[in-house]
Structures are given as structure tokens and as C-alpha cells.
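One structure is given below, encoded as C-alpha cells.
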Amino acid sequence: MSQHFQHDVLVIGSGAAGLTLALTLPSHLRIAVLSKGDLANGSTYWAQGGVAAVLDDTDTVESHVEDTLVAGGGLCKEEAVRFTVEHSREAIQWLIEQGVPFTRDEKHGGEDSGFEFHLTREGGHSHRRIIHAADATGAAIFNTLLAQARQRSNIELLEQHVAVDLITERKLGLPGQRCLGAYVLNRGTGQVDTYAARFTALASGGAAKVYLYTSNPDGACGDGIAMAWRAGCRVGNLEFNQFHPTCLYHPQAKSFLVTEALRGEGALLKLPNGERFMPRFDPRAELAPRDIVARAIDHEMKRLGIDCVYLDISHKPADFITAHFPTVYERCLDFGIDITRQPIPVVPAAHYTCGGVLVDQHGRTDVPGLYAIGETSFTGLHGANRMASNSLLECFVYARSAAADIVGQLEQVAIPTHLPSWDASQVTDSDEDVIIAHNWDELRRFMWDYVGIVRTNKRLQRAQHRVRLLLSEIDEFYSNYKVSRDLIELRNLALVAELMIRSAMLRHESRGLHYTLDYPEQLPEARDTILEPPTYAG
Ligand SMILES: Cc1cc2nc3c(=O)[nH]c(=O)nc-3n(C[C@H](O)[C@H](O)[C@H](O)COP(=O)(O)OP(=O)(O)OC[C@H]3O[C@@H](n4cnc5c(N)ncnc54)[C@H](O)[C@@H]3O)c2cc1C
């Protein structure tokens, strides 16, 4: 039997954005935080580098704003950038208060040194402003916030709960547009339950899984973007997908990034015949920026029809390699690759979804009562290219802002009652799950080949044709069979793929992460690509 639950706030996602929102809301509110797998399912846990913020006395808000605007290729929304950066210090202060064990700066001494933490510098930043916990910042943040959430009796943490769709007044045929909660598949019982909530927040991460190769964990399927679109929300700039140039290429290695520091220490990129190719693309060769290296690798793979290229650091002394890159060394050895003697097979991998659900400074979407925070949202911060370590910052700043906005509206909104149960009377168990597996593979392959790092009109048209066929097949499947996590994800991923293709087709220029051979120049005026759903709530 499917069940009905009532909460003040339903948070879909247990990463940096979702946990921050839950912990910032007042403790008298009943809050449910969902994760479709275990609670560490999102990208947050895997973030390595850190969080960008203006913390050092020699750094300024202006400088962080300026760096972000430059990285964003003229497309950042300046108010959003300024808002994020101006709130960066207090967001970090809050994380410190929660107990996140950020690495301290030894020159400032131990526990009593106040705000004196070690700051690193990353690509695009003109100052040291990345606060971090060694090279596993995401895990440190996640573990700390989760431990805090576990201590709060008003927060229910629900693993293996997959939000299927949002419930809105419009969908129920009621007057108004408000979001009333969501239908949620409990993977334990196999039932779809009804979660009524005064406020619902999508904190469900990005959509990098739409590509064959990705650095993201399995759940990054754009569920929040797809659910918001179906509920009547606009989405923005979905053509901008950031690719990391070097992900380990091995059938058993899922999503392992080979750090850029290897190239910094002299590793060379080579073709299968041992020939170097980066000097043909950029005078900085292997040290060119991420997007240029990713594009060059993609070009060579397509030109030669090869599955991967090779990153070779074996010319350096073995003890240097093992001392500087212990994690990469160990991980590659697990797959039988000794990097002190052999080159590493690598491919570029989808890393970050810059676009998403259109929101304002409080994370409010077009649908009243529905918020979107973190990677699932489009705030205008990243423009055409995300600057390193701004993404976690965005999670904290917007989650905190959304919490304040919800508090301001509490008195006007009651918990919805009498929501209908999920109707499973017309569906049966699927006897052809092979369709899901096949479509999943096909989608991710053609997105990689046709909507990847280098695009053309023809490739995009091919992709559009294929995704539309897939969507109709998936719709039919969805109407006839019981939902499963795989089916829910495939349905969402195909929809988000279609929106990405449509957005890419609308951009007749090359800017930031969107590069097309048919329009290699940048237009003088920078414009967002905003898509409006047929059911637009505005
Ligand atoms: C390898 C790697 C390294 C990175 N390094 C950095 C870095 O150093 N600095 C930086 O700023 N950024 C970094 N990023 C990006 C950053 O980690 C992410 O943008 C950020 O963590 C996203 O957080 P989030 O809370 O929006 O979503 P996530 O952390 O991805 O969490 C998504 C949550 O939503 C849940 N969910 C999704 N769909 C559903 C559904 N239908 N029903 C229920 N639950 C659902 C998932 O289970 C999960 O709990 C990195 C990313 C990766 C992959």
C-alpha cells in the first residue's frame, strides 16, 4: 500500500545544497531529505579541490567577481556573481561552525588561530582563495553536515527514496500553480508514496551522466531539471557542459579523474603510436587551459577513430611519481597500470552542468513553493564556463538564502492535504528491461558523439532526431510499466538531453564551453538561452 506523508519542507537531494538547506531551517520545522541511493550518492562527496571564497585580507570581493566574470565568457549575471561572492565569507564561517575540518595554515599555528586556514589557488583565480580539507574537501563537508543532520530530530534522512515527479496545483486541475510536494518511489517497498509539503526544494545535482564518460557518480541524471520542466519551470543555458580533459579510461574504472597536476609536473599527452599532439593545438601544449586540452583530445579521438589517448609521466623518476601522486598511482595499479612505467589511458569526461532550473537570488523557481539549489539550478553565476570551486560555494550561499526566504513565508502557507495517491492501476511489471538498458547506452553514446566537446549543426540535428525517437519510446514504456529507479533516470536523462540539444541548436556562436565548427566566432552580444516549457507557470 502506498503511503501519505506530510512535512513542512521536502528537500530532494542530500548533497551540499540539500543538507545546508535542511540545517539552516529552524528546528521546529519537520523536514524530509531524500536521496535516491545512499546519502553520499551525489557529487559533493567526491569534490576534491575545495570552496572558493574571499577570506584572505589581500583578496577582495571585486577580484573574485572579476575572475568569475572573465571565466564565464561574458555570460555571467553580474548580480548573481556579486551576491554569491559577497556571501562567501559567512557561508564558510557557517561551515567552520558546523565543524568542517578545513586544513589549517601551519604558519598561523593550531587550534586557536581563528580564521587562519590554508588557501590554495586554482585555474582562473587571481588570488589564493580555495579553502579545502586536504584533497578530499567534499567528503569532509559531507560527513560533517550529515553528522549534524543526524543529530537533529526534526530532519528525516531518507535513503533509497527516488522522487518521481512534483505534485502541483496545475497537475491536479486545481486553480493556482503552487508546488504541493512530490511522488516518491520507496525502493525498499517498491511503492510510490505521496509527500505533501509546504515547500519543496530540488537539490538533486547535475546531469553529467547524459554523456558516455563522466567524472560524476551514477545519480547525476538531471532529475531535478526534468521534474522542474514538467512542473512548468523555465531552464537556462543547458548547452554549457564542462568537460574535464583526463578521466581514466578502463572498463572497470568508473568516473576516476586523473588530476591536472600530472600535466603540471610534466606528463605528456600521446596518441596510441606514442606521438605527442598538444603542441599542434596550442603553444602551451599540455599546459593549455582545460577546455582547449579537452577539445584537442576529442579532435584526435574523432580524427583517428580511437577510444582514448594516453597520459604519460613514466619519464619521471618512479619515487617522484609515487611521492607526488600516491592516489593516482594506487588507483591505476588497481587496474594493472603501473604509471611509473606505462602511460595512462584517458578520455575527457563530462564534469559539471552549468545550466539548470532558472532561479532568483533566493533559489525560487517559476513555480510558487518550489526552490532549486546547487548544481540543478541556473543562478547566472557560471555563465558560459564555471570557474573552479565556485560550484560548492553556490550550493551553500543559495541554500542559505532559500532557507531565509522559506522562513519569511511560513505563516502564509499551510501543509497541503487530501493529495491523491499515485495511480499504479494501469501499469504492470516490465518484462523487457533490456529496452531501458539499451536506450540508456544509446542516449549516452550519441550525446557523447554529437553533442560533446565539439559540435556541428549536422551532429546536433542527428542527436535531436534520435532523442525524439527515444523519448516517445520511453513515454510509452513509462505509461505501461511500473516505475523503477532506472526507468525514472532514463526518462529524465532523455528529457534533459533533448533540452541540451535544443539549447545548443539555438546558440549560433562559439562561447565558453559551447564550441561549434559551424559558428566558430563569438557574437558581440552575450545572451542566455532560456527555454520555456509548454506548461510554463509564469
Ligand atoms: C569528481 C568531482 C570533483 C569536484 N570538485 C569540486 C571542487 O573541488 N570544488 C567545487 O566547488 N566543486 C567541485 N565539483 C562540483 C561539485 O562537487 C558539485 O557541483 C556539488 O557537489 C553539487 O552539489 P549538490 O548538492 O547540488 O548535488 P549533489 O552533491 O550531486 O547531490 C545530489 C543529491 O540529489 C539526490 N537525488 C538526485 N535525484 C534524485 C531523485 N530523483 N530523488 C531523490 N534524490 C535525488 C542524490 O541522491 C544526491 O543525494 C566536483 C565534482 C566532481 C564530480
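General observations
- Among the conditions (1) away from the ligand (no atom under 14 Å from the Cβ); (2) surrounded by fewer than 24 Cβ atoms within 10 Å (Cβ to Cβ), TYR213 misses just one, which is (1).
- Exactly one residue among ILE141, ILE167, ILE131 is of a type outside the set (Gly, Ala, Ser), more than 28 Å from ALA226 (Cα to Cα) and within 15 Å of the ligand (Cβ to nearest atom), and that residue is ILE131.
- The residue pairs whose first member lies in the stretch 429-447 and is assigned to a helix (DSSP H, G or I), whose second member is among the polar types (S, T, N, Q), and whose beta carbons are closer than 8 Å, counting only pairs six or more residues apart or on different chains, are ILE436/SER430; ILE436/SER484.
- Filtered by the rule that a residue be part of a helix (DSSP H, G or I), over 29 Å from the mean Cα position of the chain (by Cα) and either of a type in the set (Lys, Arg) or surrounded by 17 or more Cβ atoms within 10 Å (Cβ to Cβ) (or both), the stretch 268-288 gives a lone residue, ARG280.
- For THR340, the criteria (1) closer than 30 Å to PRO279 by Cβ; (2) of a type outside the set (Gly, Ala, Ser); (3) out of contact with any Pro (no Cβ under 9 Å at 6 or more places or on another chain) hold in every case but one, which is (3).
- Residue within the stretch 157-169 that is in a loop (DSSP other than H, G, I, E, B), modelled with pLDDT under 95, out of contact with any Asp or Glu (no Cβ under 6 Å at 6 or more places or on another chain) and charged (D, E, K, R) present: no
- Filter result for PHE256 (without any contact (Cβ under 8 Å) to a residue 40 or more places away in the chain, aromatic (Phe, Trp, Tyr) and over 30 Å from ASP366 (Cβ atoms)): no
- The conditions of being surrounded by fewer than 15 Cβ atoms within 10 Å (Cβ to Cβ) and of a type in the set (A, V, I, L, M) are met by ALA261.
- Flag: ALA133 does not match the condition of being more than 27 Å from HIS324 (Cβ to Cβ) and in contact with a Phe, Trp or Tyr (Cβ under 6 Å, 6 or more places away or on another chain).
- Checking HIS125 against (1) in contact with a strand residue (DSSP E or B) (Cβ under 8 Å, 6 or more places away or on another chain); (2) surrounded by fewer than 20 Cβ atoms within 10 Å (Cβ to Cβ); (3) closer than 30 Å to ASP291 by Cα, the condition it does not meet: (2)
- Candidates LEU19, LEU75, LEU69: the one that is touching a residue at least 60 places away in the same chain (Cβ under 8 Å) and within 15 Å of the ligand (Cβ to nearest atom) is LEU19.
- Restricting ALA203, ALA226, ALA208 to those that are near the ligand (Cβ under 8 Å from one of its atoms), touching a helix residue (DSSP H, G or I) at 6+ places or on another chain (Cβ under 7 Å) and of a type outside the set (Val, Ile, Thr) reduces the list to ALA203.
- ALA323 within 16 Å of the ligand (Cβ to nearest atom) and either under 24 Å from THR120 (Cα atoms) or buried (at least 19 other Cβ atoms within 10 Å of the Cβ) (or both): no
- Enumeration of residues in the stretch 122-152 that are free of Cβ contacts under 8 Å to residues at least 60 places away in the same chain and in a loop (DSSP other than H, G, I, E, B): ALA134, GLN151
- Residue match in the stretch 244-267 (condition: more than 23 Å from SER14 (Cα to Cα), away from the ligand (no atom under 12 Å from the Cβ), of a type in the set (Lys, Arg) and not in a loop (DSSP other than H, G, I, E, B)): yes
- Within the stretch 258-275, tally of residues that are modelled with pLDDT under 85 and not charged (D, E, K, R): 3
- Residue within the stretch 26-49 that is within 14 Å of the ligand (Cβ to nearest atom), modelled with pLDDT under 95 and more than 19 Å from SER204 (Cα to Cα) present: yes
- Residues of the stretch 362-384 that are crowded, with 24+ Cβ neighbours inside 10 Å and not hydrophobic (A, V, I, L, M, F, W, C): GLY363, THR365, GLY369, TYR371, GLY374, GLU375, THR376, SER377, THR379, HIS382, GLY383.
- Count of residues meeting criterion [modelled with pLDDT of 85 or more and under 18 Å from LEU55 (Cβ atoms)] in the stretch 126-143: 11
- Qualifying residue in the stretch 345-357 (condition: more than 16 Å from the ligand (Cβ to nearest atom), over 16 Å from the mean Cα position of the chain (by Cα) and not assigned by TED's automatic domain parsing to the domain that holds ILE141): yes
- Identity of the residue in the stretch 180-199, away from the ligand (no atom under 15 Å from the Cβ) and hydrophobic (A, V, I, L, M, F, W, C), that ends up surrounded by the fewest Cβ atoms within 10 Å (Cβ to Cβ): ALA196
- Extreme residue, farthest from GLY374 (Cα to Cα), among residues of the stretch 393-428 that are assigned to a loop (DSSP other than H, G, I, E, B) and of a type in the set (Ser, Thr, Tyr): SER425
- Residues located in the stretch 23-79, provided they are under 18 Å from the mean Cα position of the chain (by Cα), of a type in the set (Ser, Thr, Tyr) and either in a loop (DSSP other than H, G, I, E, B) or not assigned by TED's automatic domain parsing to the domain that holds ASP135 (or both): SER35, SER43
The values are calculated or read from the model by the stated rules, or taken from the named source; none is laboratory data. Here the structure is a predicted model, which means the values were calculated and not measured. Note that we place each Cβ from the backbone using ideal geometry, even for glycine, and neighbour counts take in every protein chain shown.
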